[in-house]
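So the structure is just underneath, and the comments pick up after that.
The values are calculated or read from the model by the stated rules, or taken from the named source; none is laboratory data. Just so it is clear, the structure is predicted and the values come from calculations on it, not from any experiment. Because the Cβ atoms are built from the backbone with ideal geometry, glycine has one as well, and the counts that use them run over all protein chains shown.
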Amino acid sequence: MNKTRIVLFGFAAISLIFMAAIGSKKNIPPAKQKQGVRKIVIDPGHGGSDYGASGKYSHEKDVSLAVALKLEAEIKKQMPDVEVYMTRTTDVFDHVRIKADKANAAKGDLFISIHCNDAPPNRHSELIGYKTVKYKKGKKWKTKEVPQYKTYSTPSPAKGTETYIWGVDKNDDKERALRENESIYSDSAAKEDLSDDKDQIIAISLRMQQYAERSRNLAFTVQDEFVKVGRVSRDARQRAVGIWVLQAVAMPAILVELGFISNPEEEAYLNSESGQKELSESISRAVKRYKTTIEAKISGNSGSK
């Protein structure tokens, strides 16, 4: 088991202990569960003046939009009962805060952000010959041969997919997002301030733990589907510095890095019709597995699939 999985499963263990301790108390409202996955928010990364990462001939903003649109169509085809909300469908720029606000206002059950990865080029140095130089030693002039080098760079060979969830150090931000959007998700949109209500605080904390578990499970499922079609998996991860939009949306959330646009081989794949189709279908299959599991648990039939 690698360090990433240890961190993620450690996060899960802490969540379960927390939930068990809270659940043992009386008069504490359970975390509210909506009935399954009814609306999915898809966020094509970057856009407009924000190009994102770039390869030799293409930009992240365009690849992410193309795959996101195909994912939208695939989800509608495979899960006709699910509504899809796109944060953008054209080449426009919105700040991540606006994207988060859009997702929360749409009352999504799941947030999927689509991106491409990037890696700095490898630097090389090659001996191309020698240069004779003079130098003075005492009162005498002498000569010596000094090696001459040519430096150049080649694209990084980094390749593969990664799927991120919000970092554990961003739990306070996620809790704040849930609290600020409580009136949107509450069955009875109470207008009074419940931020100091202990039961409400506990309910929000429980929901945050639930969303963390769901996000983690979906991240691993997405990576599993990528592996099935031959993609190199760089695993499900939590980025140390955090990914702001993931903790700003009041729902389970993942960010998918489709591949390294800085790698010419990957860039060709990411821009190909077949590659984009394969990626969108893989994510859609993962979402369908996720949806089936969530709805089975809600209906009490978690052992049926």
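Sort out which residues of region 112-147 are surrounded by 10 or more Cβ atoms within 10 Å (Cβ to Cβ), in a strand (DSSP E or B), touching a Ser or Thr at 6+ places or on another chain (Cβ under 7 Å) and not β-branched (Val, Ile, Thr), and write them in order of number.
Of everything in region 112-147, those that are surrounded by 10 or more Cβ atoms within 10 Å (Cβ to Cβ), in a strand (DSSP E or B), touching a Ser or Thr at 6+ places or on another chain (Cβ under 7 Å) and not β-branched (Val, Ile, Thr) turn out to be 115, 116, 122, 124, 145.
Taking region 60-70 on its own, how many of its residues are under 22 Å from residue 156 (Cα atoms) and either of a type in the set (D, E, K, R) or more than 18 Å from the chain's Cα centre (by Cα) (or both)?
Selection size over region 60-70: 3.
From the set of residues in region 52-111 that are among the aliphatic types (A, V, I, L, M) and in a loop (DSSP other than H, G, I, E, B), which is farthest from residue 38 (Cα to Cα)?
The residue in question is 53.
Is at least one residue of region 230-242 among the polar types (S, T, N, Q) and touching a Leu at 6+ places or on another chain (Cβ under 8 Å)?
The answer is yes, given that some residue of region 230-242 is among the polar types (S, T, N, Q) and touching a Leu at 6+ places or on another chain (Cβ under 8 Å).
Restricting region 27-50 to residues that are over 23 Å from the mean Cα position of the chain (by Cα) and either part of a strand (DSSP E or B) or aliphatic (A, V, I, L, M) (or both), which is modelled with the lowest pLDDT?
That would be 28.
Being crowded, with 19+ Cβ neighbours inside 10 Å and of a type in the set (Gly, Ala, Ser) narrows it down to one residue among 105, 100; which is it?
Step by step, each of 105, 100 is checked, and only 100 is crowded, with 19+ Cβ neighbours inside 10 Å and of a type in the set (Gly, Ala, Ser).
Taking region 45-104 as the region of interest, how many residues are in contact with a His (Cβ under 8 Å, 6 or more places away or on another chain) and among the polar types (S, T, N, Q)?
Number of matching residues: 1.
Does residue 106 satisfy the criteria of being in the same structural domain as residue 247 (by TED's automatic domain parsing) and out of contact with any Lys or Arg (no Cβ under 8 Å at 6 or more places or on another chain)?
Against the criterion (in the same structural domain as residue 247 (by TED's automatic domain parsing) and out of contact with any Lys or Arg (no Cβ under 8 Å at 6 or more places or on another chain)), residue 106 does not qualify.
Got a sec? Which of 248, 268, 212, 236 is within 22 Å of residue 62 (Cα to Cα) and either in the same structural domain as residue 54 (by TED's automatic domain parsing) or modelled with pLDDT of 60 or more (or both)?
Result: 268 is the single residue among 248, 268, 212, 236 that is within 22 Å of residue 62 (Cα to Cα) and either in the same structural domain as residue 54 (by TED's automatic domain parsing) or modelled with pLDDT of 60 or more (or both).
Which ones in region 271-305 are modelled with pLDDT of 95 or more and of a type in the set (A, V, I, L, M)?
279, 283, 286, 287
Residues in region 245-277 that are buried (at least 18 other Cβ atoms within 10 Å of the Cβ) and assigned to a helix (DSSP H, G or I): how many?
Total meeting the criteria: 10.
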